[in-house]
Amino acid sequence: MVGPFAWFKWVALFSDWKIFAEGFTITILVSVLALALALILGIVFGVLGTSHWTIAKVVARVYVEFIQNTPLVIQVFFLYHGLPHMGVMLPVFVVGVLGVGVYHGAYIAEVVRAGINSIHRGQMEAALSQGFSFWGAMRHIILPQAARVVLPPLTNQAVNLIKNTSVLAMVAGGDLMYHADSWSSDNLYYGPAYVVVGLLYLILSLPLATLTRRLENKAGVSA
C-alpha cells in the first residue's frame, strides 16, 4: 500500500511549486492588508471604548461583542454570498481582507482599550487642562504610553490573523490553503501538500511569535 508521504508525491509537489508560491504570495498580501485594516479599526474602536461619550462606547461595544461572538467563517460567508443579494459584488481578495481585518480589529480594539485603561487617568486630565482635545491627547500622550503595553498582544494577534487567512479556502480565495486543497484534490496527494502548507504558515508565524515572547519578557523586566 502506497503511503501518504510517498516520494513520488513529493516529486509531483516540487514540480508544481509555482502553485504553492502563488498561494503563499496571496496569503502574505491578504495578511498585510488585513492587519493594516485591523490596526486602524482596533485603534479607533479601542479609543471610542474609553471615551466619556456614551454613544461612542455603545458603538464600540456592539462592534466588539458582535464580531467576537460570531464565527469568522460566517462573517466571510456573509461577505461572499450575502452582499451580492444586496447588490454589492466584492472580489474574493477584498472579501478576505475585509473579513479577516474586521474580525481581528475587534480583538485589537480590546487590546488597545486595555492598554489605554492601564494609563493613569491623570494623564488625560493633565492633557485636557493644557488645551489638548480628547483625540489630540490620545494621539500625542496616551497612545504612545499605551504602545509599550499593547505591543506584545498585538504581535500575537498578527500571528492569529495570518493563520486565519486560511478561511479563504472555503470561498475559493486563492490563498495558500485553497491552492493546497485544489492541487491535492486533483491527485489525492494530501500528505505532502499539507506538510508544506504547515511549514509555510510556520515561516510566517514563528518570527512574530518569537517577537511576542521577547516583548513580553522585556516588559516583565521593565516592570
**OP:** Test each condition in (1) touching a residue at least 12 places away in the same chain (Cβ under 8 Å); (2) in a helix (DSSP H, G or I) for Glu125 and report the one that comes out false.
**Re:** (1)
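For (1) part of a helix (DSSP H, G or I); (2) modelled with pLDDT of 90 or more; (3) basic (Lys, Arg); (4) touching a His at 6+ places or on another chain (Cβ under 8 Å), each residue gets a yes or a no:
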| residue | (1), (2), (3), (4) |
| --- | --- |
| Lys18 | yes, yes, yes, no |
| Ile55 | yes, yes, no, no |
| Val58 | yes, yes, no, no |
| Phe66 | yes, yes, no, no |
| Ile74 | yes, yes, no, no |
| Tyr80 | yes, yes, no, no |
| Val88 | no, yes, no, no |
| Val97 | yes, yes, no, no |
Original post:
Within the bounds of the range 152-164, is there any residue that is within 25 Å of Phe14 (Cβ to Cβ) and crowded, with 20+ Cβ neighbours inside 10 Å?
Top reply: yes
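Let's see how each residue does on (1) in a helix (DSSP H, G or I); (2) among the small types (Gly, Ala, Ser); (3) within 22 Å of Phe66 (Cα to Cα):
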site: Phe132; (1), (2), (3): no, no, no
site: Ala146; (1), (2), (3): yes, yes, no
site: Gln157; (1), (2), (3): yes, no, yes
site: Leu168; (1), (2), (3): yes, no, yes
site: Gly174; (1), (2), (3): no, yes, no
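Of Ser166, Ser222, Ser205, Ser185, which residue is modelled with pLDDT under 90 and within 26 Å of Val94 (Cα to Cα)? Before you say what the answer is, go through the steps one by one.
On the way: Ser166 fails: modelled with pLDDT under 90; Ser222 fails: within 26 Å of Val94 (Cα to Cα); Ser205 fails: modelled with pLDDT under 90.
Criteria check complete, one pass: Ser185.
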Subject >> Test set (1) among the aliphatic types (A, V, I, L, M); (2) in contact with a Phe, Trp or Tyr (Cβ under 7 Å, 6 or more places away or on another chain); (3) touching a residue at least 60 places away in the same chain (Cβ under 8 Å) - Ile67 fails condition number >> reply: (3)
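If you take the residues of the range 111-122 that are in contact with a helix residue (DSSP H, G or I) (Cβ under 6 Å, 6 or more places away or on another chain) and surrounded by 14 or more Cβ atoms within 10 Å (Cβ to Cβ), which of them is modelled with the lowest pLDDT?
Filtering the range 111-122 for residues in contact with a helix residue (DSSP H, G or I) (Cβ under 6 Å, 6 or more places away or on another chain) gives 111-113, 115-116, 118-119.
In the following step, the residues that additionally are surrounded by 14 or more Cβ atoms within 10 Å (Cβ to Cβ) were identified as 111-113, 115-116, 119.
Working: Val111: 94, Val112: 94, Arg113: 93, Gly115: 91, Ile116: 90, Ile119: 86.
Checking each candidate, the answer is Ile119.
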**OP:** Could you tell me which numbered condition Ile116 fails, if it satisfies all but one of (1) farther than 25 Å from Asn69 by Cβ; (2) part of a helix (DSSP H, G or I)?
**Re:** (1)
Subject >> Filter pass, Ile141 being under 17 Å from Ile43 (Cα atoms), outside any helix (DSSP H, G or I) and either touching a helix residue (DSSP H, G or I) at 6+ places or on another chain (Cβ under 7 Å) or of a type in the set (A, V, I, L, M) (or both) >> reply: no
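The values are calculated or read from the model by the stated rules, or taken from the named source; none is laboratory data. Everything numeric in this text was worked out from a predicted model, so none of it was measured. Glycine also receives a Cβ, built like all others from the backbone with ideal geometry; neighbour counts cover every protein chain displayed.
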